[in-house]
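The values are calculated or read from the model by the stated rules, or taken from the named source; none is laboratory data. Since this is a predicted model, take the numbers as computed values, not measurements. Here the Cβ positions follow ideal geometry from the backbone for every residue, glycine too, while neighbour counts run over all protein chains shown. The accessibility values were calculated without ligands, DNA or RNA, using every heavy atom of the protein model including side chains. Shrake-Rupley method; radii C 1.70, N 1.55, O 1.52, S 1.80 Å.
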Amino acid sequence: MLCIARRDFERICAQALAEYPHECCGLLVEKVPGGVVTAHACTNVQQQRHEEDPKHYPRDAGTAYLIDAGDQLRIAEVAEKAGDRVSGCYHSHIDCAAYFSAEDERRTWIFNSREAGDDPDDPDAMYLVLSVCGEEVCLQRKVQGYKCFAWDGNRYAEMGVEIV
Ligand SMILES: [Zn+2]
């Protein structure tokens, strides 16, 4: 179960809407294991990477995210100093459902630096995915769904989300 404070969830939604038609991303930090998580926005550097090196980064930020390494380090350091820990990350999907894509799974190997087929290094990591649809599809830009995924011992499966 992902437990997230309402103000943090609303901040993620606002970020997802503001960064549309690019995917937004950020980290989830928990104070107590299994406790309420807070959201920390990160820069999605996928677009920049794609423009600099389209061969290695064929996707642009409309279909992928890459958390800025500096943001990740800074947030992890602050969390560690406070006795908290980074427990997962979030990103948005543009004009498609909140599901855990093959690309998302591949990204967890980067996030956890594991090889394909291995169990994740951090099997407790949670991945919150938001679905944002734009004006052309939904008349009004909106967050139309969200789901959270985590490793269940065999695969990434949906887990509950509680907004408190
Ligand atoms: Zn995704």
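Quick notes on this one:
- Computed P(r) (all Cα pairs; the range 2-163; 5 Å bins; percent): 2, 9, 18, 22, 22, 16, 7, 3, 0
- For the range 82-87, 3J(HN,Hα) per residue [Karplus equation, 6.51 cos²θ - 1.76 cosθ + 1.60, θ = phi - 60°, Hz, x = Gly/Pro]: 8, x, 9, 8, 6, 10
- The helix-only estimate of mean residue ellipticity at 222 nm for the chain, built from DSSP H runs of length n ≥ 4 each weighted as -39500 (n - 2.57), is -8500 deg cm²/dmol after division by the residue total.
- Length gained when the stretch Leu73-Cys3 is fully extended (0.36 nm per residue, less Cα-Cα span): 22.9 nm
- At a probe radius of 1.4 angstrom, the accessible area of the range 2-163 per residue rounds to 52 square angstrom.
- Accessible area of the range 48-164 belonging to carbon and sulfur atoms, whole % at 1.4 Å probe: 47 percent
- Long-range amide H partners of Cys24 with built H, under 5 Å: Ser92
- In angstrom, the C-alpha Rg and Dmax of the range 1-92 are 14.0, 41.
- Ordering of 153-160, 24-31, 3-10 by packing [mean C-beta count within 10 Å, highest first]: 24-31, 3-10, 153-160
- Compared with the alpha-carbon gap, the fully stretched path from Glu103 to Tyr156 is longer by 17.8 nm at 0.36 nm per residue.
- For the chain, Cys with no neighbouring Cys Cβ under 4.7 Å: Cys3, Cys13, Cys24, Cys25, Cys42, Cys89, Cys96, Cys148
- Applying the Karplus relation 6.51 cos²θ - 1.76 cosθ + 1.60 with θ = phi - 60° to the range 102-107 yields 3J(HN,Hα) values of 4, 5, 4, 5, 4, 5 Hz, where x marks Gly and Pro.
- Backbone N within the range 74-95 under 18 Å of label point (7 Å from Arg11 Cα along the Cβ vector): 74-92
- Proximity of backbone amide H atoms, modeled 1.01 Å from N, is registered between Tyr146 and Ser131 at under 5 Å, excluding neighbours fewer than 5 places apart on the same chain.
- Sequence-distant residues sharing a close amide H with Val161 (under 5 Å, placed H): Leu2
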